[in-house]
1. Which entries in K198/K269; K47/K453; K213/K299; K104/K138; K198/K413 show an alpha-carbon gap greater than 28 Å?
2. Run the dipole for the range 220-379 about the Cα centre, Lys and Arg Cβ at +1, Asp and Glu Cβ at -1, nothing else charged, and hand back the magnitude in debye, nearest 20.
3. So for H89, H392, fewest C-beta neighbours within 10 Å to most, what's the order?
4. If you filter the range 156-253 for GluC sites (Glu not before Pro), then keep DSSP loop positions with at most 10 other Cβ within 10 Å, what is left?
5. Starting from the amide H of I265, placed 1.01 Å from N in the peptide plane, find each other amide H under 5 Å away whose residue is 5 or more places distant or on another chain.
6. From the backbone phi of the range 75-81, what are the Karplus-calculated ³J(HN,Hα) couplings (6.51 cos²θ - 1.76 cosθ + 1.60, θ = phi - 60°) in whole Hz, Gly and Pro given as x?
7. As a test of the definition: which semi-axes, in Å, follow for the range 136-195 when you take the square root of five times each eigenvalue of its alpha carbon gyration tensor? Largest first, please.
8. When the Karplus curve 6.51 cos²θ - 1.76 cosθ + 1.60 is applied with θ = phi - 60°, which whole-Hz ³J(HN,Hα) does each residue of the range 203-216 get, with x for Gly and Pro?
Amino acid sequence: MYNPNDTIVSIATGPKGAIGIIRISGKDSFSISKKILKPEKAFLEPKPNASYLLKITDENNNLIDRAMVITYLAPKSYTGEDMVEIFCHNSPYIIKKSVELFIKNGARQAREGEFSFRAFINGKMDLSQAEGINELLKAETEKQHKIAINQVNGNLSKKINLIKEELIETLSEVEVRIDDSYEEIDDISISDFEKRLKNLSNIIKKMTDTYSKSEFIKNGIKIALVGAPNSGKSSLLNRILGYERSITSDIPGTTRDTIEAVCEIGGIKAVFTDTAGIRAKTNDPIELEGMERTKNAVKNSDVIIYLKDISQNQSEDDKMALEIIENNAKDSAFILKVYSKSDLSHIKPKYNYLKVSAKTGENIDKLLSLISDKEEKVIDGFYDEIITSYRHYQCLSNALNEINSLLKIINEKNYEIISEHLRQALNALEDITGKTTPEDVLSKIFKNFCIGK
Ligand SMILES: Nc1nc2c(ncn2[C@@H]2O[C@H](COP(=O)(O)OP(=O)(O)OP(=O)(O)O)[C@@H](O)[C@H]2O)c(=O)[nH]1
Ligand SMILES: [Mg+2]
């Protein structure tokens with residue numbers, strides 16, 4: 001997969017924007033650049049992290065563009081190899097022509113993630129850090145960014161390495177006894193040994209548990225707006241989003257289908273679903289289908305906001321909406337009941353619901369912070385050890401299974417079997433940082449990266 005003789009080239013930026021960046025990495029970076037970027041002096045005795053204003057020229061010495069160029073000397077570069085980065089005008093022609101010139105002169109088009117793959121192979125970062133970089137590029141919200149940047153910084157790797165060290169120490173104590181054919185070394189104190197393994201098992205379990213909790217950070221919290229027709233669901237959604245996503249009107253039954261919209265609340269991605277109003281009595285097939293979709297939205301949501309129009313008496317429709325929520329919501333769902341249209345005159349409210357108004361904005365921030373605070377608590381304080389990657393989750397679960405199986409047979413004091421379990425647990429953890437990860441898995445991971453990264 002890695003041929004150190006190849007020098008690779010690729011565009012590193014997207015089609016929009018004023019500046020385009022082309023990256024070249026590999027042992028011939030400077031000798032190829034010399035033929036295209038003039039004057040060639042910059043590449044005769046290349047300096048580390050030096051910048052130059054150079055001309056990009058074709059084989060007939062025609063000017064293609066003037067560009068800022070940076071030279072990086074191995075091993076002090078992103079990939080750990082000699083590298084050149086060109087910052088030129090982002091015209092599709094200039095980019096295409098320049099990349100072609102590099103290919104004509106001996107470079108090869110880089111594959112997805114190949115720069116990061118080389119950085120990994122050359123020990124510039126471990127696998128979980130490389131995966132963190134990919135997550136960093138994809139991060140849409142503050143929380144996604146916080147987790148990714150922690151991973152890039154190596155905090156997850158540090159945590160894994162600490163567990164590994166403890167496992168290696170335990171393993172060496174076991175293996176020295178396997179080799180001890182003259183039985184000169186005392187037996188292991190099983191209670192002591194058990195205590196250490198249980199401690200490790202707890203630490204790993206805590207990490208794997210964060211995986212399901214962290215899912216909403218990646219995919220967003222799903223929030224459904226549910227209530228009787230005309231209770232103000234669509235108006236509330238529009239107010240939260242700050243634009244008119246849903247049609248609103250004083251005609252009950254305006255929204256007939258579910259409507260999704262994504263936004264960020266308190267640094268967390270939120271996926272809102274506006275639903276068709278619930279009617280206790282209807283034979284209209286479209287309304288019935290709309291209500292089926294509302295039920296599905298309730299089933300799939302982490303948070304359900306129930307709206308009761310404060311200017312109206314409790315109706316059969318309101319009761320039916322509550323019933324649908326209670327019968328369909330997940331056990332773990334957070335049900336938030338609010339009085340809508342708080343700006344309208346109202347009879348003394350029967351319940352202690354939060355009063356919100358889509359018209360004046362009253363308590364909208366309060367409503368959103370109730371949601372984000374609740375979700376924040378789930379992850380608060382342990383960003384270093386939060387697991388968002390299914391691959392990491394699987395590796396940790398494998399390690400945990402090995403340790404737990406070992407705990408079951410520990411009293412038998414069969415050192416060979418004990419050492420085998422410990423080795424398997426270690427292998428599983430090393431897969432996270434990439435020490436023992438098989439090539440096909442590596443290739444799958446880096447294929448998910450964008451070109452030029
Ligand atoms: N005064 C006031 N009127 C509101 C408020 N929210 C919604 N309304 C009005 O109530 C009516 C119904 O609002 P919608 O947002 O369409 O209600 P809905 O729950 O989406 O209704 P359906 O889609 O029919 O189920 C509209 O005339 C809105 O202008 C509010 O906070 N204050
Ligand atoms: Mg509506």
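Derivation of every value follows stated rules applied to the coordinates shown; laboratory data play no part. Here the structure is a predicted model, which is why all the values come from computation and not from measurement. Please note: Cβ atoms are built from the backbone with ideal geometry, for glycine as well, and neighbour counts cover all protein chains shown.
1. Values: K198/K269 36 Å; K47/K453 23 Å; K213/K299 18 Å; K104/K138 33 Å; K198/K413 16 Å.
Beyond 28 Å between Cα atoms: K198/K269; K104/K138.
2. Details: 23 positive and 24 negative charges, 68 e Å.
Using Cβ point charges on Lys, Arg, Asp and Glu, the range 220-379 gives about 320 debye.
3. Numbers: H89 15, H392 22.
Fewest-to-most ranking of H89, H392: H89, H392.
4. Details: sites: E165, E166, E169, E173, E175, E183, E184, E194, E215, E244; in loops: E183, E184, E244.
Counting only loop positions with at most 10 other Cβ atoms within 10 Å, the GluC sites (Glu not before Pro) in the range 156-253 are E183, E184.
5. A270
6. x, 8, 8, 4, 8, x, 10
7. 43, 11, 6
8. Residue by residue, the range 203-216 yields 4, 5, 4, 4, 5, 5, 4, 6, 4, 5, 5, 7, 4, 5 Hz.
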